[in-house]
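First the structure, in the form of structure tokens, and then the observations on it.
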Amino acid sequence: MSNIETIVDSIENRISKVLHKLEVLKQTNAKLSAELSISQQKLSQQEEQIASWEEKYETLKFANSILGSDESKKETKLKINALIREIDYCISQLSE
């Protein structure tokens, strides 16, 4: 009988250790999930900020080309033509 009790105690010990490890892993998983969520929010904010800065850069580049030298006049004309095409496309979409 003593041998069976030793085996049962050993199994209970192992189960207890496994359950403890499971609880530790659950806590670690919850912590990592929270960190991932925070990191994803930061990434999203940074992507929005990058998009905003790119838009500002393009606007500034366009403004500089309007005010710039003769070399940039061709680029300015091309951009104005592109804007006109976009507006025409939008008008045609609205009229359909």
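Since every read-out is calculated from the coordinates, none of them should be taken as a lab result. All values reported here derive from a predicted model rather than from experimental measurement. Using ideal geometry, Cβ is built from the backbone for each residue, glycine included, and neighbour counts are taken over all protein chains shown.
What the table shows:
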| read-out | value |
| --- | --- |
| Set of lysines with alpha-carbon distance to LYS21 below 22 Å, sequence-local pairs under 8 removed | LYS31 |
| Alpha-carbon centroid distance for the pair the range 19-96 / the range 1-16, whole angstrom | 62 Å |
| Aspartates and glutamates with Cα under 18 Å of LYS26, excluding same-chain neighbours fewer than 8 positions away | GLU35 |
| Computed helical MRE - 222 nm, the chain, DSSP H runs ≥ 4 contributing -39500 (n - 2.57), nearest 500 | -35500 deg cm²/dmol |
| Magnitude of the charge dipole, the chain, Cβ model with Lys/Arg +1 and Asp/Glu -1, debye to 20 | 180 debye |
| Candidate lysines for bridging to LYS74, where Cα separation is under 28 Å - those fewer than 8 sequence places away on the same chain excluded | LYS56, LYS61 |
